[in-house]
Amino acid sequence: MHSPRETPTAAELLARARALIPNLAARAAEGERARRLPKENIAEMQAAGLFHVLRPRRWGGYELDPADFFEIEMALAEGDLSTAWIYGIVGLHPWLMGLLDDRAAQDVWSKDPAALISSSLMPSGTATPEGDGFRLKGRWFYSSGCEHCTWAFLGAAIEGSGDTPERALFLVPRTDYDIIDTWHVAGLKATGSHDIDIKETFVPAYRMIRLTDTYRGYGPGQAVNTGVLYRYPFGQIFFRGVSICAIGALQGMLNAFLAYGGRRASYHGKTAEDPHVHLLCAEIVVGIDEMRAVLHHHLRLMRGYAERGAMPPLSDRIRYKFHTAAIVERCRDLATRLFTATGGRGLYADQPFGRIVADISAARQHFSNQYEVLGRNWGRTLFGFADNKDLVL
């Protein structure tokens, strides 16, 4: 165990994140070409202490509020959505570590306090019980930032656990898996979300957590990590990590457009004098305000439940999840309209607009951001149906 760091305030951490925005924006095209985040981005986030925001205090973390984490993520996205995307996943894993048996944290951080963890949570692998653990094998997709990490959380179905196999997450060291270069995509190119392959490896039971436990808000790590932070529902924390970054990206796109539009003139006149552009920019500002307000409202409600040691009602969790997916849908639509307003010059690679639209559109493809699927689930709930099958809530 490591002594807790001197805990900076949320405002100090947010200021550090905002100070990184120019550097992230300047390197965004480089990351897109390389199909991986520049190592400087990771190093600067490490130096700023951003990966300690949700880490347990007993392991040198700050244990701040999830709302603070998401504000930092949105700030990073103003510079580069791929960077914020990786932060919204890799930066959340220290929180998940707080739910696991504390021996898992010892494995990860006792020798390397700066160790980072990637993931692929879909149950693409199989786990066979063996002795005091599991024999794990499989191939996993979309492990964002895996090239910068030395551990991975991987989802698998447990063999012999019933007609509908139980699903769980397994923590595996980099020495036990191969990274397969597969990330040739249209958006979020710099996330380096490659495949992970394991022929077979043994994972001790203490480095596993069942999804049914996370669904009901339980984890063995709560025995030592007793703060309110570790009583939030797993799904409500994790799917926000791949959605609210779209708000920051839209804000960054608007910032760039205001500078660009202020000096642009076309056959139709000056962009800055176009009333249609005025209305669109106003809509974007109001949209960002509304999305952030509802995000923080839901997080406050969840904190209230966590402080009482209770779980939000299922209907509320379904509603929260749909709203989070709706963020990405709305940001994509507004970003697409803003891209149209950039005109032909906005197509060029020396401008950020096309990359930002592609990145937000790629974020919309994530399992957790399926607007129609999650909206239908919430709509059925409104009619009194109780057949929800979504365990990641």
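The values are calculated or read from the model by the stated rules, or taken from the named source; none is laboratory data. Being a predicted model, the structure only gives us computed values, none of them experimental. When we count neighbours, we look across all protein chains shown, and the Cβ atoms used for this are built from the backbone with ideal geometry, even at glycine. Ligands, DNA and RNA are excluded from the accessible area calculation, which covers all protein heavy atoms including side chains. Shrake-Rupley method; radii C 1.70, N 1.55, O 1.52, S 1.80 Å.
Annotations for the structure displayed:
- Spans of helices (runs of 4 or more DSSP H) in region 288-393 with at least 2 residues of a type in the set (S, T, Y) and touching a residue at least 60 places away in the same chain (Cβ under 8 Å): 314-341
- Residue identified as at positive phi and either open to solvent by 40 Å² or more (accessible area, probe 1.4 Å) or of a type outside the set (A, V, I, L, M, F, W, C) (or both) among G187, G145, G227: G145
- Complete set of residues in region 246-300 that are of a type in the set (D, E) and either at positive phi or more than 28 Å from the chain's Cα centre (by Cα) (or both): E273, D274
- Scanning region 57-78 turns up at least one residue that is open to solvent by less than 10 Å² (accessible area, probe 1.4 Å), modelled with pLDDT of 95 or more and of a type in the set (D, E, K, R).
- Subset of region 252-273 [open to solvent by less than 50 Å² (accessible area, probe 1.4 Å) and either within 30 Å of Y371 (Cβ to Cβ) or of a type in the set (G, A, S) (or both)]: G252, M253, L254, A256, F257, Y260, G261, S266, G269
- For Y320, the requirement of being farther than 30 Å from A272 by Cβ, of a type in the set (S, T, Y) and open to solvent by 30 Å² or more (accessible area, probe 1.4 Å) is not met.
- In region 29-56, the residue that is surrounded by the fewest Cβ atoms within 10 Å (Cβ to Cβ) out of those that are within 18 Å of the chain's Cα centre (by Cα) and more than 15 Å from H148 (Cβ to Cβ) is G49.
- Test set (1) open to solvent by 60 Å² or more (accessible area, probe 1.4 Å); (2) of a type in the set (A, V, I, L, M); (3) touching a residue at least 40 places away in the same chain (Cβ under 8 Å) - L279 fails condition number: (3)
- Whichever residue in region 148-173 is within 29 Å of A362 (Cβ to Cβ) and small (G, A, S) and, among such residues, is most open to solvent (accessible area, probe 1.4 Å): A157
Residues are listed down the side, and each one gets a yes or a no for (1) in contact with a Cys (Cβ under 8 Å, 6 or more places away or on another chain); (2) more than 20 Å from T191 (Cα to Cα); (3) assigned to a loop (DSSP other than H, G, I, E, B); (4) free of Cβ contacts under 8 Å to residues at least 60 places away in the same chain:
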position: T7; (1), (2), (3), (4): no, yes, yes, yes
position: A15; (1), (2), (3), (4): no, yes, no, yes
position: I42; (1), (2), (3), (4): no, no, no, no
position: L54; (1), (2), (3), (4): no, yes, yes, no
position: Y62; (1), (2), (3), (4): no, yes, yes, yes
position: F69; (1), (2), (3), (4): no, no, no, yes
position: E73; (1), (2), (3), (4): yes, no, no, no
position: R103; (1), (2), (3), (4): no, yes, no, no
